[in-house]
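The values are calculated or read from the model by the stated rules, or taken from the named source; none is laboratory data. Keep in mind that this is a model prediction, so the values were computed, not measured. Here the Cβ is made from the backbone with ideal geometry for all residues, glycine too, and neighbour counts use every protein chain on show.
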Amino acid sequence: MLIRCTKLFMNARITCKIDRNIPLFFLALLLIVFAIISSAAKSTAKYFIIDAELQEHLNSLAQPILIKAGLPPEALKIFIIKDDSIGAFVTPGMKLFIHTGLIMRTKAPSQLLGVLAHEIGHIAAGHLIRRRDAIEDSQKITAIGLVLGSLAAATTQSGEVAAATAFGTQNARINSLLKFSRSQENAADQAAVNYLIATDTSPLGMLEFLRTLEKEESLVIDRRSQYASTHPHTHDRINFVKNQIDLYPDLSPRLDAQKRDRHDRVIAKLIGFLTKPEETFRKYPRSNTTIAARYAQAIAFYKEADLAKAVTELDHLITLEKQNPYFWELKGQILLEQNEKELARSAYEKAYSLSGNVMILQQLAKVELLLNTQKSNSNALKHLEKAIRITPDSPTTWSSLAAAQGRNGQMALARLSLAEEALLRKDFARALKNALFAEKNLTQNLFAHQRALDIINYAERAQDRK
């Protein structure tokens, strides 16, 4: 299911707290950031996209590259930004941000793989650390910290994430503070090629995407993607990759059929959800009966509110691939919109049994909470206890867990979960209030009691620093 998880621009209003100890230079920088956000809000809203299928596709492409780079695959966090431009960047903590516009411009998974390999090259080479060390101006170093701090908020889905996308997609002046040097960009290209070759994959896909970027360079400045303008001349990069391909002519130029098929489907899914239905039907006319096309058509019917046709299309796809969890997941979403909660639960249960994906588990728990029976609330609690062990940095999951705990009579644990949620959102006053309640009422649960004490101590210190 494709979810618009975090709306970044809400009526162009930004609420922020300013530390009185911040020098005027940094306040000016913050004003620039928020001015960018307000300007962008007038034109289009930005979202983080959370989708189990797309996330799985990106993770599966990145995994062999990360292994060859000597990085733990589970440590990379990929964030997908709804933005039509070509863009991708990395930040400290192995966080990789990628625009839907970039994904949708790739014609094959090998092209997307080349982008991921380049960004992973920056991470593996430690460019994020070296870049900071190379900046002698201490004000600029702190300015970078302010921008990166807003990016870190993306991991908690907080409102501060607005500044993250402002940096990543809207303004070259802010971006220039974090831009890699030409030598670092070249090194990332070299690393990307090395990783691809080490996985027996030709850099041809990387070359193809660079040619897409070269077309971007021919556009007028205000239409040119920032990804093209902040990297070395694409012509030089193309020549480098061409030379590498000539050195390794026997490598496979394409990824396996399964990855190509999955790529076609996630592109169809993005087009279905992010464009108008009429545009989807132009791209995937009814005469096109491929699975990817019918997937896009089902989503277009869903967006037209023709839910019966959408379910019919999905049922057809399910008859072709009964073990595809994402068809079941989307069916669950549509059934839930029809207020068919029991049927939606069955669809989500099937999707989760086939995938084991925590995002789908969270949606299943949501349906159980909506059913709001004694059994469904008990089921929701079990699901969310499992989900929070996998995603302990998700405030929305802590909030849902608190609701499930409350409905199951676990009020003190519910308040502890609300404290965890508030802590992630940096609402230290609310975290402290809930943790104090939990600490007084969880004396028999040693682990929970100690966790409440930890939150109390952290929240009190955080408040003292303000």
Under the condition of being hydroxyl-bearing (S, T, Y) and farther than 17 Å from L384 by Cβ, which residue from the range 410-466 is farthest from the chain's Cα centre (by Cα)? T443
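Taking the options A310, A268, name whichever one is surrounded by 14 or more Cβ atoms within 10 Å (Cβ to Cβ) and closer than 26 Å to L61 by Cβ.
On the way: A310 fails: closer than 26 Å to L61 by Cβ.
So the residue among A310, A268 that is surrounded by 14 or more Cβ atoms within 10 Å (Cβ to Cβ) and closer than 26 Å to L61 by Cβ is A268.
This table checks each residue for (1) outside any strand (DSSP E or B); (2) free of Cβ contacts under 8 Å to residues at least 40 places away in the same chain; (3) touching an Asp or Glu at 6+ places or on another chain (Cβ under 7 Å); (4) under 12 Å from L270 (Cα atoms).
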{"residue": "L71", "(1), (2), (3), (4)": "yes, no, no, no"}
{"residue": "E74", "(1), (2), (3), (4)": "yes, yes, no, no"}
{"residue": "I78", "(1), (2), (3), (4)": "no, yes, no, no"}
{"residue": "D83", "(1), (2), (3), (4)": "yes, no, no, yes"}
{"residue": "I103", "(1), (2), (3), (4)": "yes, no, no, yes"}
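Of the residues in the range 418-450, how many are farther than 17 Å from S399 by Cα and surrounded by 15 or more Cβ atoms within 10 Å (Cβ to Cβ)? Before you say what the answer is, go through the steps one by one.
As a first pass, look at the range 418-450 and keep what is farther than 17 Å from S399 by Cα: 436, 439-447, 449-450.
Still in the running and surrounded by 15 or more Cβ atoms within 10 Å (Cβ to Cβ): 436, 439, 441-442, 445, 449.
Of the residues in that region, 6 qualify.
Tally time: how many residues in the range 389-414 are in contact with a helix residue (DSSP H, G or I) (Cβ under 7 Å, 6 or more places away or on another chain), closer than 23 Å to Y458 by Cβ and without any contact (Cβ under 8 Å) to a residue 24 or more places away in the chain? First the steps, then the outcome.
Step one: filter the range 389-414 for residues in contact with a helix residue (DSSP H, G or I) (Cβ under 7 Å, 6 or more places away or on another chain), giving 390-391, 393, 395, 397-408, 412-414.
From what is left, the residues that are closer than 23 Å to Y458 by Cβ are 390-391, 393, 395, 397-402, 405, 412-414.
From what's left, without any contact (Cβ under 8 Å) to a residue 24 or more places away in the chain: 399, 401-402, 414.
Final tally of qualifying residues: 4.
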Subset of the range 313-323 [surrounded by 15 or more Cβ atoms within 10 Å (Cβ to Cβ) and either touching a strand residue (DSSP E or B) at 6+ places or on another chain (Cβ under 8 Å) or farther than 15 Å from R286 by Cα (or both)]: I318
Among the residues of the range 374-412, what is the count of those that are among the charged types (D, E, K, R) and either more than 19 Å from E349 (Cβ to Cβ) or touching a Lys or Arg at 6+ places or on another chain (Cβ under 8 Å) (or both)? 3
Scan the range 355-372 for residues that are loosely packed, with under 14 Cβ neighbours inside 10 Å and either over 15 Å from A344 (Cα atoms) or acidic (D, E) (or both) and jot them down. G356
Go through the residues of the range 237-250 one by one and say whether even a single one is modelled with pLDDT of 90 or more, among the aliphatic types (A, V, I, L, M), under 22 Å from the mean Cα position of the chain (by Cα) and over 14 Å from S110 (Cβ atoms). no
